[in-house]
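As structure tokens, the structure follows; a few thoughts come after it.
The values are calculated or read from the model by the stated rules, or taken from the named source; none is laboratory data. Note that the coordinates shown come from a computational prediction; the quantities given were computed from them, not determined experimentally. A quick note on method: Cβ atoms are made from the backbone with ideal geometry, for glycine too, and the neighbour counts reach across all protein chains shown. Protein only, heavy atoms only, side chains kept; ligands, DNA and RNA dropped before computing areas. Shrake-Rupley method; radii C 1.70, N 1.55, O 1.52, S 1.80 Å.
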Amino acid sequence: MINRRTFSKAVGLGMGAVAVPTGATAAASTAAVADDRSRRTAPAPTFGGLKQVRAGVLDIGYAEAGPARGPVAVCLHGWPYDIHSYVDVAPLLAEAGYRVIVPYLRGHGSTTFRSPTEVRNAQQSAVALDVVALLDALGIRRAVLAGFDWGARTADVVAALWPERVRALVSVNGYLVTDVRAQQNPLPPKAEHTWWYQYYFATDRGRRALENPQYRRELCRAVWEEASPTWEFDDATFERTAAAFDNPDYAAIVTHNYRWRLGLAAGEPCYDRYEQRLADRPTIGVPTITLDPGLDPFLASTDGLGYRKFFTGPYEHRVLAGVGHNAPQEASAAFARAVMDADRL
């Protein structure tokens, strides 16, 4: 049983209002976000000793918090981020009774390939199968999946293809299953400008920048600043995450992900059957809360109607006013609240 009284005390009275359901007042939302940010003036904690587990083609590094027998919440990071996007979310969920698992995605941190000959592939179904393999390796039958950016896409794919493994879903920016065919169509030029790094990585010049330790950090920090215009992170916060970018497979994984999404790099035949199903835009029937950050430059904050048709189960949409792309780190209490609320839809 989740101790919701403990959770409410941990996040503070009214903190759930940071994630404002569509139609709530902007004034209440703005005040709540300000409160949430005031909680983060002290240095954020780091995760304790990390764990490793062999899962599928990977040796996955992950952080864990909370009771071993609690309901499981798996929190998935995006790019250019790492597990520390959830460093404030995890203790809130752990105090509420959840067993929280926060894995490094392939190519990040201490997650490595078990074989030096394994293809450094980052297509969406491959990354999703990493999560299924992780659940299997840890003996977890079902979990709440929560994510943003790559993590949201991965969680969406698992929920669409393996719904029996998912208790509930929290997905920032809604339905992010990649439609490679649709990616061939250009966006308006102003929107394309926002995705500059995607095209940079399509070139060898961009890949070499990711292979250069100095440029890699400068590039990723530039994306942080653009993607979260009001998030006042310090050097230590960035460097804590940037250490995860020193993984030897980082450049290969990042460039393959973006090249594959643009149709510029092939996937592996062993994943074709999953990609064929995903190309049909499958619906997601598990209980879901979608979150749209109000200041995310990549995907404009919406009322959720553009992707509402893809979620056929119990559903709620919320807007995170005043929050940028890295939603769980910028609005930790609101994100944790969404995980709990999705689990009881």
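Some observations on this one:
- Condition check for Leu345: surrounded by fewer than 21 Cβ atoms within 10 Å (Cβ to Cβ), touching a residue at least 60 places away in the same chain (Cβ under 8 Å), part of a loop (DSSP other than H, G, I, E, B) and not polar (S, T, N, Q): yes
- Of the numbered criteria (1) under 23 Å from Asp341 (Cα atoms); (2) touching a residue at least 40 places away in the same chain (Cβ under 8 Å), the one Thr312 fails is (2).
- Looking at Gly304, Gly324, Gly313, just one residue is of a type in the set (Gly, Ala, Ser) and open to solvent by 10 Å² or more (accessible area, probe 1.4 Å), and that residue is Gly313.
- From the list Leu295, Leu299, the lone residue that is closer than 30 Å to Asp234 by Cα, modelled with pLDDT of 95 or more, aliphatic (A, V, I, L, M) and surrounded by fewer than 22 Cβ atoms within 10 Å (Cβ to Cβ) is Leu295.
- Within segment 109-122, the set of residues being open to solvent by less than 40 Å² (accessible area, probe 1.4 Å) and either free of Cβ contacts under 8 Å to residues at least 60 places away in the same chain or in a helix (DSSP H, G or I) (or both) comprises just one member, Ser115.
- Residue in segment 268-279 that is under 29 Å from Lys190 (Cα atoms) and open to solvent by 10 Å² or more (accessible area, probe 1.4 Å) present: yes
- No other residue among Gly285, Gly263 is of a type in the set (Gly, Ala, Ser), surrounded by fewer than 21 Cβ atoms within 10 Å (Cβ to Cβ) and closer than 22 Å to Arg165 by Cα apart from Gly285.
- Flag for Trp79 being surrounded by fewer than 24 Cβ atoms within 10 Å (Cβ to Cβ) and more than 10 Å from the chain's Cα centre (by Cα): no
- Among the residues here, Leu129 qualifies as outside any loop (DSSP other than H, G, I, E, B) and open to solvent by 40 Å² or more (accessible area, probe 1.4 Å).
- Considering (1) in contact with a helix residue (DSSP H, G or I) (Cβ under 8 Å, 6 or more places away or on another chain); (2) open to solvent by 40 Å² or more (accessible area, probe 1.4 Å); (3) among the basic types (Lys, Arg); (4) in contact (Cβ under 8 Å) with a residue 60 or more places away in the chain, the lone condition that Arg106 does not fulfil carries the number (2).
- Residues of segment 327-342 that are closer than 9 Å to Leu291 by Cβ and either surrounded by fewer than 24 Cβ atoms within 10 Å (Cβ to Cβ) or of a type in the set (Gly, Ala, Ser) (or both): Ala327, Ala331, Ala334, Ala338.
- Any hit, segment 83-101, residues being under 19 Å from Phe47 (Cβ atoms) and among the aromatic types (Phe, Trp, Tyr): yes
- Enumerated helices (runs of 4 or more DSSP H) restricted to segment 195-289, each holding at least 2 residues that are within 24 Å of Gln329 (Cβ to Cβ) and in contact (Cβ under 8 Å) with a residue 24 or more places away in the chain: 196-200, 213-227, 235-242, 250-261
- In segment 30-73, the residue that is farthest from Ala94 (Cα to Cα) out of those that are among the aliphatic types (A, V, I, L, M), at pLDDT 55 or above and outside any loop (DSSP other than H, G, I, E, B) is Leu58.
- In segment 158-188, residue farthest from Pro328 (Cα to Cα) [restricted to those that are in a helix (DSSP H, G or I) and of a type in the set (S, T, N, Q)]: Gln184
- Number of the condition not met by Ala27 [criteria: (1) of a type outside the set (Phe, Trp, Tyr); (2) more than 26 Å from Leu305 (Cβ to Cβ); (3) modelled with pLDDT under 95; (4) more than 20 Å from the chain's Cα centre (by Cα)]: (2)
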